[in-house]
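Note sheet for the following structure.
Read the figures in this text as sums done on the coordinates, not as results from a lab. These figures come from a predicted structure and were not determined experimentally.
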Amino acid sequence: MLAAFLVAAAFASLPPDAPRGAGLDVYTSYCASCHGADLRGGPKGPSLRGVGAAGADFWVSTGRMPAAVPWLQVAHRGQQPYLTPEQQDLVVRYVASAAPGPPIPRVIANGDRERGRALFEQNCMHCHGADMRGGSIGRVDWAPSLDRATVTQVAEAIRIGPGQMPRFSAHQIDGAALDDVATYLTSMRGSTHFVGFPIRAGGAVPEGLYGWLAAAALAFFAFAFWSGDEKRDT
């Protein structure tokens, strides 16, 4: 009885033009236990109202959702989608119908590769690495590898800012810039060389560690040199 009441409440809370039936079935089976029957979230998961098709598609197509448990993303299963393509499409359209949100970006990898490289270095490389393999960004947070990400998923991440990633609006990175980044990422797939000095591929935490080690080495040599001068003076 309780399950039937929750499903009925979900129907009543959505706009009249919301896709129902199969989309609601998929959502109820895999998402409602954490995000609520009315998509407003709860103790186990955030609200999905307003995430749009871009947000819903990113989370389910990358395999991060549905989560194995509320605090563990499915990315740890190997970044493989848990839902079938048909189920993904149904749940994306169902979630997107709840409230206005960002649409799935349309990206074509036929832009300016060099501009895409510059944009990647400026906005992405310090977390995802020059080789795009990701790395730690502090504590338990991490920037994932982009090896398996499609250009659409990359564009969705740029627009929605999942996890610790900042969100970039169309005023910051417009549609043409998305095409340029996609062009660069596509051209780098399978590449084994680094862009610039190799430590730049390690992510924010390794880069910071190298910086501290370099500072410690300089301090050690400065102290040794200063101590040597003192001994010669005496």
### Query
What is the diffusion coefficient of region 22-69 in µm²/s, taking the Kirkwood radius over Cα pairs and the Stokes-Einstein relation at 25 °C with a viscosity of 0.890 mPa s?
227 µm²/s
## Note on the structure
The extension gain from Val140 to Asp112, computed as 0.36 nm times the residue separation minus the Cα-Cα distance, is 6.6 nm
